[in-house]
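I'd like to ask some things about the structure below.
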Amino acid sequence: MNCVNCGANLPEKSRSCEYCGTQIAPPEPSHDEVFERIKQSPQYKRQRSKMQASKQPSPKTGSGRLLIFFLLWCLIGPIVLVFVLLSDDLKFLSAKHEDLVSGTFVVYLIGVAIMLSKLLSYMKVRVGRSGVFPAVVVRKHTMRGPATLEAKEDIRSQATFELENGKRVAYHIESIGLLTRLSVNDAGILILRGDQIVDFEKVTF
């Protein structure tokens, strides 16, 4: 290697020029070196030893309340429909109730579809295979979408990670704490369950 100031020939891994005293920055590690250092780190070995899903922290999804609400909706919905149908002296589908019955049935089906979607999402996380992967943060950004019933503005945060095979994958980040801890070019351990990120542990070389 050569000194960037005087051009003198220096031994490999020199930190300063012995002729002019210029400080020499260490070369940036290659892609393979970065991932090899992550895999050799104590943090990676520790995370690998507790890969089992039962030992990994679970993302907060409100699963218990969701399941209870889904069951209640499935039980109460048919009862409400039967009550509407029988409310006019046992005259099923009377003319004045046709619109009400149709509307109630449509709302019930929409509710079931939404709850099933949420439940499937939750089950995908719960039964998804846990994974511990060496990764590098390459991007962190926030997307703003249209307003929803729950919020005036739909704000979603994502982080993109580069994996050992060179593939880049973006994950939705729900945890504010995790989002603030992530910085571009951080190297570390990506912990996944299903298609959701559980945590990211930075590794310092």
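The values are calculated or read from the model by the stated rules, or taken from the named source; none is laboratory data. The structure displayed is predicted, hence computed values, not measured ones. We place every Cβ from the backbone using ideal geometry, glycine too, and count neighbours over all the protein chains shown.
Do you know which of the residues in the range 2-33 that are among the small types (G, A, S) and closer than 30 Å to K167 by Cα is farthest from the chain's Cα centre (by Cα)? Break it down into steps so the answer makes sense when it comes.
If we filter the range 2-33 for residues that are among the small types (G, A, S), which is where we start, we get 7-8, 14, 16, 21, 25, 30.
This time we only want the ones that are closer than 30 Å to K167 by Cα, so: 25, 30.
Details: A25: 36, S30: 27 Å.
Restricting to residues being among the small types (G, A, S) and closer than 30 Å to K167 by Cα, the top hit is A25.
Which of the helices (runs of 4 or more DSSP H) contained wholly in the range 1-104 include at least 1 residues that are surrounded by 11 or more Cβ atoms within 10 Å (Cβ to Cβ) and modelled with pLDDT of 80 or more?
Numbers: elements: 31-40, 42-49, 63-86.
By residue number, 31-40, 42-49.
In the range 182-201, which residue that is among the charged types (D, E, K, R) and surrounded by 15 or more Cβ atoms within 10 Å (Cβ to Cβ) is modelled with the lowest pLDDT? Steps first, please.
Taking the range 182-201 first, the residues among the charged types (D, E, K, R) are 186, 193, 195, 199, 201.
Filter once more, so that each one left must be surrounded by 15 or more Cβ atoms within 10 Å (Cβ to Cβ): 186, 193, 199, 201.
Working: D186: 95, R193: 78, D199: 90, E201: 93.
This residue is R193.
Taking the range 167-205 as the search range and keeping residues that are of a type in the set (F, W, Y) and assigned to a strand (DSSP E or B), which one is farthest from S157 (Cα to Cα)?
So the first thing to find is which residues in the range 167-205 are of a type in the set (F, W, Y), and the list is 171, 200, 205.
Checking the rest, the ones that are also assigned to a strand (DSSP E or B) come to 171, 200.
Working: Y171: 9, F200: 15 Å.
If we take residues in the range 167-205 being of a type in the set (F, W, Y) and assigned to a strand (DSSP E or B), then F200 is farthest from S157 (Cα to Cα).
Quick one: how many residues across the range 163-205 are charged (D, E, K, R) and more than 19 Å from P42 (Cα to Cα)? Quick ask: steps written out before the conclusion?
At the first step, the residues of the range 163-205 found to be charged (D, E, K, R) are 164, 167-168, 174, 181, 186, 193, 195, 199, 201-202.
If we keep only those that are more than 19 Å from P42 (Cα to Cα) too, we end up with 167-168, 174, 181, 193, 195.
Residues in the range 163-205 being charged (D, E, K, R) and more than 19 Å from P42 (Cα to Cα): 6 in total.
Filtering the range 150-166 down to residues that are at pLDDT 90 or above and part of a loop (DSSP other than H, G, I, E, B), which residue is nearest to V198 (Cα to Cα)?
Only one residue fits best here, namely E164.
Here is a follow-up. Condition first: in contact with a strand residue (DSSP E or B) (Cβ under 9 Å, 6 or more places away or on another chain), among the small types (G, A, S) and surrounded by fewer than 16 Cβ atoms within 10 Å (Cβ to Cβ). Now tell me which residues in the range 159-173 satisfy that.
Selection gives A170 alone.
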